[in-house]
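Right, one structure below, let's go through it.
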């Protein structure tokens, strides 16, 4: 079953961070990877927000995304996100909205595992298993 790559691990992997490279290498032989349209937004926003856009970094990011399945935010993902958000709000464990959207996309597509440096946020969501690094 597939594993979602969060923005943190994508950015760290593209920057050659040892821990990110190791965790991706550990799982790549036995699992497939995917990401979400939300993660594409987060990663590319970081590139485009720089005063001078680094074309090499932009190309490297886009090339990496071309190797992954990218799951969209569609077909009632908004409802799933509202269920997750309301549950977290009621338990006073709210997290960033982008992470809620990512989790909603994962859950609606039948996935439960994500590789992320942001273990604290994703572990608050029922049914999501966080592979930290």
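The values are calculated or read from the model by the stated rules, or taken from the named source; none is laboratory data. None of these values were measured; they are calculated from a predicted model. Every residue, glycine among them, receives a Cβ derived from its backbone with ideal geometry; neighbour counts consider all protein chains shown.
Answer yes or no as to whether residue 42 is within 12 Å of the chain's Cα centre (by Cα), surrounded by 14 or more Cβ atoms within 10 Å (Cβ to Cβ) and not in a loop (DSSP other than H, G, I, E, B).
yes
Just to be sure, is residue 73 more than 22 Å from residue 25 (Cα to Cα) and touching a helix residue (DSSP H, G or I) at 6+ places or on another chain (Cβ under 7 Å)?
On the way: more than 22 Å from residue 25 (Cα to Cα): yes; touching a helix residue (DSSP H, G or I) at 6+ places or on another chain (Cβ under 7 Å): yes.
So residue 73 passes the test.
Residues to consider are 37, 80; find the one that is touching a residue at least 40 places away in the same chain (Cβ under 8 Å), surrounded by 15 or more Cβ atoms within 10 Å (Cβ to Cβ) and farther than 19 Å from residue 131 by Cβ.
37
Any chance region 94-104 includes a residue that's part of a helix (DSSP H, G or I), at pLDDT below 95 and touching a helix residue (DSSP H, G or I) at 6+ places or on another chain (Cβ under 8 Å)?
There is at least one residue in region 94-104 that is part of a helix (DSSP H, G or I), at pLDDT below 95 and touching a helix residue (DSSP H, G or I) at 6+ places or on another chain (Cβ under 8 Å).
Can you find a residue in region 1-12 that is assigned to a helix (DSSP H, G or I) and farther than 18 Å from residue 98 by Cβ?
no
Restrict the check to region 13-22 and report whether at least one residue is part of a loop (DSSP other than H, G, I, E, B) and in contact (Cβ under 8 Å) with a residue 12 or more places away in the chain.
Quick first cut of region 13-22, residues part of a loop (DSSP other than H, G, I, E, B) only: 15-17.
Next cut, in contact (Cβ under 8 Å) with a residue 12 or more places away in the chain only: none.
No.
Report whether or not residue 87 is assigned to a helix (DSSP H, G or I), out of contact with any strand residue (DSSP E or B) (no Cβ under 9 Å at 6 or more places or on another chain) and within 18 Å of residue 128 (Cβ to Cβ).
Yes.
Look through 89, 123 and report the one residue that is surrounded by fewer than 13 Cβ atoms within 10 Å (Cβ to Cβ) and without any contact (Cβ under 8 Å) to a residue 12 or more places away in the chain. Let's see the steps before the verdict.
Values: 123 fails: surrounded by fewer than 13 Cβ atoms within 10 Å (Cβ to Cβ).
After ruling out the rest, the residue left standing is 89.
In this structure, is residue 94 surrounded by 11 or more Cβ atoms within 10 Å (Cβ to Cβ), within 18 Å of residue 122 (Cα to Cα) and without any contact (Cβ under 8 Å) to a residue 12 or more places away in the chain?
Judged against the criteria, residue 94 is a match.
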